[in-house]
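Chemist: I'd like to ask you about the structure that follows.
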Amino acid sequence: MTFTLAIVGRPNVGKSTLFNRLVGKRLALVDDQPGVTRDLREGEAKLGNIKFTVIDSAGLEEATDDSLQGRMRRLTERAVEMADVCLFLVDARAGITPSDEVFADILRKKNAHVILAANKSEGRAGEGGYIEAFSLGLGEPIRLSAEHGEGLDELYHILLPLS
Ligand code: GDP
Ligand code: MG
């Protein structure tokens, strides 16, 4: 059995960096579905001995300021609908922002199965943001560093029962 994990969160938290680390070169075939789906990148992820489908909400970065909130919401809702579990990334170095709260609300309203992760947690600069992340009310965050590949063992142990 396999499952689908959606990586969600505001721009710049490290979603694509994590996606690339999990997927490597195993990118799924690009299809040409119109609209929102086009902005969701799908790949075949491997973490230790588990394999799953991972979705990255790409394309947000090109949105204009006006449309960003609406687009982020629609993309995230779509990703949640496609996924069995959502990995909600926040930036431990930046701390929790109002935009993170918006995403937390979307995930709560959609009743998503959420794994909260404080990314950019390498070194000590992320400690404050990690503590702040508890205030989102989505449980205990895991510490991740997508760039340095840290925290993936913890992610593995959380995902293992789903595989
Ligand atoms: P996205 O917009 O959420 O897809 O974020 P990106 O993956 O494009 O990353 C945004 C920026 O954060 C890039 O400059 C990354 O190199 C950086 N970044 C991603 N993961 C980490 C991390 O674990 N630690 C640090 N320090 N920077 C990271
Ligand atoms: Mg991205």
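The values are calculated or read from the model by the stated rules, or taken from the named source; none is laboratory data. Computed from a predicted model, the values in this text were never measured in an experiment. Every residue, glycine among them, receives a Cβ derived from its backbone with ideal geometry; neighbour counts consider all protein chains shown. Note: accessible area is taken over every heavy atom of the protein model, side chains too, but ligands, DNA and RNA are not part of it. Shrake-Rupley method; radii C 1.70, N 1.55, O 1.52, S 1.80 Å.
Chemist: To one decimal place, what Kirkwood hydrodynamic radius in Å is obtained for the range 88-163 from all pairs of distinct Cα atoms?
Modeler: For the range 88-163, the Kirkwood estimate is 12.6 Å.
Chemist: Among LYS120, LYS110, LYS46, LYS15, what's the order by accessible area (1.4 angstrom probe), most exposed first?
Modeler: Result of the area sort, largest leading: LYS46, LYS110, LYS120, LYS15.
Chemist: May I ask you to list the residues of the range 130-163 whose amide nitrogen lies under 15 Å from a point 7 Å from Cα along the Cα→beta-carbon direction of MET1?
Modeler: The answer is 159-163, whose backbone nitrogens lie closer than 15 Å to the label point.
Chemist: Take the Cβ-Cβ distance between SER135 and ASN49 as r, set R0 to 25 Å, and report the resulting FRET efficiency rounded to the nearest 0.05.
Modeler: With a Förster radius of 25 Å, E is 0.10.
Chemist: Which residues' amide hydrogens lie under 5 Å from the amide hydrogen of ALA45, considering only partners 5 or more residues apart or on another chain, with H built in the peptide plane?
Modeler: PHE52, THR53, VAL54
Chemist: Give me the Å³ per residue figure for the convex hull around the C-alpha atoms of the range 86-130.
Modeler: Taking only Cα atoms, the range 86-130 has a hull volume of 53 Å³ per residue.
Chemist: If I model a spin label at MET82 and ASN20 as a point 7 Å from the Cα along the Cα→Cβ vector, what separation in nanometres do I get?
Modeler: Those two pseudo-labels are separated by 2.0 nm.
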